[in-house]
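A.B. asks: A single structure is presented below for examination.
No lab work stands behind these numbers, since they all come straight from the coordinates. The shown structure was predicted, so the numbers you read here are calculated from the model rather than taken from an experiment. No Cβ is skipped: glycine too gets one built from the backbone with ideal geometry, and neighbour counts run over all protein chains shown.
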Amino acid sequence: MASISELLKTNTPTLSFEVFPPKVKDNYDTVEAAALEIAKLKPSFMSVTYGANGGTRAFTTDIAGDIQKNTGVPSLAHLTCVSSSKESVSEALKAYEEKGIENILALRGDLPTGCDEMPADADFRYAADLTAFIKANSNFCIGGACYPETHPEAANKDADILNIKKKIEAGCEFLTTQMFFDNGVMFNYMYRLREAGITVPVCAGIMPITNAKQVERSIKLSGSIMPPRFLALVDKFGDDPKAMMQAGIAYATDQIIDLIANDITHIHVYSMNKPEVARAIRDNLSDIVVL
Ligand code: FAD
């Protein structure tokens, strides 16, 4: 299985999709079926998110393992460290290894409600600490998250980029961005990353908004700026699910083509367990991203 940092080393466009595990076992089969259907589109890789408190770790492990076993598509299993001990992280690494997973997206995770920062004596305070631990104790290829519109807890834009640099120094080999809806924000961010000496590959995170409810959730989650062109589209089509789905996929496709045309060639789509959305994006790019 290829390491994801190797896949991202060339300038040839890549396309990856993300799925999230179910919260409860009853939904496992539905989510697994959706994940495998998306994987059958043969993306460059698939990422599987991780429940922040680790309660659904087995689902992440099993879905990521099954994607690789059944479709041959490399999996990127997410792992968060907030409120985790070295022992529990070691167990998670062992479980990933046993499933043949070779790539991890190392994250801190969101702080528990009411907590402003991780205590100084926590086993892991930041994603960089988790990255260093994984690097020292295993052979995984490690990626990390970055934020074109600045992480909400960062003191300022420059401090946030310096913190990304610490993550790279700890062993992070590639980055995936938080979703953004205005490519201008991403072009500017890439310039600032490169100016800071960060040269690792960066996957641009694109979220196709396919229903109006998702807009509010996405703003809350990412703090992203929604360009007027995008808001007009939600205003016009938000009450018509089929029209909104078509418009959201067209907007995401347009964003991706503009990114690739401007040499941001690695695209990660937050496909939200929706095979129909992943397939539409894949089809729209069939001659642009040749996989
Ligand atoms: P960090 O890199 O640790 O950064 C967190 C904050 O601390 C930032 O403001 C940073 O500037 C600051 N910081 C970092 N290092 C230092 C330092 N040394 N000193 C002072 N400040 C510092 N969450 C999940 O629960 N599960 C998932 O699967 C998941 N997947 C994600 C995938 C992507 C691509 C993205 C963008 C986010 C994902 N998240 C996920 C959300 C993520 O866990 C949160 O955004 C979290 O708040 C930050 O995680 P991080 O890994 O970026 O943290």
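A.B. asks: Out of Asp160, Asp110, Asp129, which single residue is among the acidic types (Asp, Glu), under 27 Å from Phe230 (Cβ atoms) and surrounded by 15 or more Cβ atoms within 10 Å (Cβ to Cβ)?
C.D. replies: Just one listed residue meets the conditions, Asp160.
A.B. asks: Are any residues in the range 206-226 in contact (Cβ under 8 Å) with a residue 60 or more places away in the chain, among the small types (Gly, Ala, Ser) and touching a helix residue (DSSP H, G or I) at 6+ places or on another chain (Cβ under 9 Å), and if so, which ones?
C.D. replies: Start the filter on the range 206-226 by keeping residues that are in contact (Cβ under 8 Å) with a residue 60 or more places away in the chain, which leaves 206-208, 210, 222-225.
So of that shortlist, the ones also among the small types (Gly, Ala, Ser) come out as 222-224.
Once the filter is applied, which keeps residues that are in contact (Cβ under 8 Å) with a residue 60 or more places away in the chain, among the small types (Gly, Ala, Ser) and touching a helix residue (DSSP H, G or I) at 6+ places or on another chain (Cβ under 9 Å), the range 206-226 yields only Ser224.
A.B. asks: Which pairs have Cβ atoms under 6 Å, sit 6 or more apart or on different chains, and link a residue in the range 40-54 that is small (Gly, Ala, Ser) to one that is more than 8 Å from the ligand (Cβ to nearest atom)?
C.D. replies: Ser44/Leu7; Ser44/Thr14; Ser44/Leu15; Ser44/Ser16; Ser47/Leu76
A.B. asks: Can you tell me which residue within the range 42-63, out of those that are part of a loop (DSSP other than H, G, I, E, B) and over 19 Å from Phe17 (Cα atoms), is nearest to the ligand (Cβ to nearest atom)?
C.D. replies: Taking the candidates together, the pick is Ala52.
A.B. asks: Take the residues of the range 18-38 that are in contact with a Phe, Trp or Tyr (Cβ under 8 Å, 6 or more places away or on another chain) and surrounded by 20 or more Cβ atoms within 10 Å (Cβ to Cβ): which is nearest to Glu98 (Cα to Cα)?
C.D. replies: If we take residues in the range 18-38 being in contact with a Phe, Trp or Tyr (Cβ under 8 Å, 6 or more places away or on another chain) and surrounded by 20 or more Cβ atoms within 10 Å (Cβ to Cβ), then Pro21 is nearest to Glu98 (Cα to Cα).
A.B. asks: Taking the residues in the range 113-143 that are in contact (Cβ under 8 Å) with a residue 40 or more places away in the chain and assigned to a loop (DSSP other than H, G, I, E, B) as candidates, determine which candidate is farthest from Gln68 (Cα to Cα). Spell out how you get there, then give the answer.
C.D. replies: Step one: filter the range 113-143 for residues in contact (Cβ under 8 Å) with a residue 40 or more places away in the chain, giving 123-124, 126-131, 133-134, 137-138, 140-141, 143.
Next cut, assigned to a loop (DSSP other than H, G, I, E, B) only: 123-124, 126, 138, 140.
On the way: Asp123: 31, Phe124: 29, Tyr126: 29, Ser138: 20, Phe140: 15 Å.
The residue in question is Asp123.
A.B. asks: Here's something else I'd like to know. Which residues, taken from the range 113-126, are closer than 24 Å to Met179 by Cα and either surrounded by 20 or more Cβ atoms within 10 Å (Cβ to Cβ) or in contact with a Lys or Arg (Cβ under 6 Å, 6 or more places away or on another chain) (or both)?
C.D. replies: Tyr126, the sole residue that qualifies.
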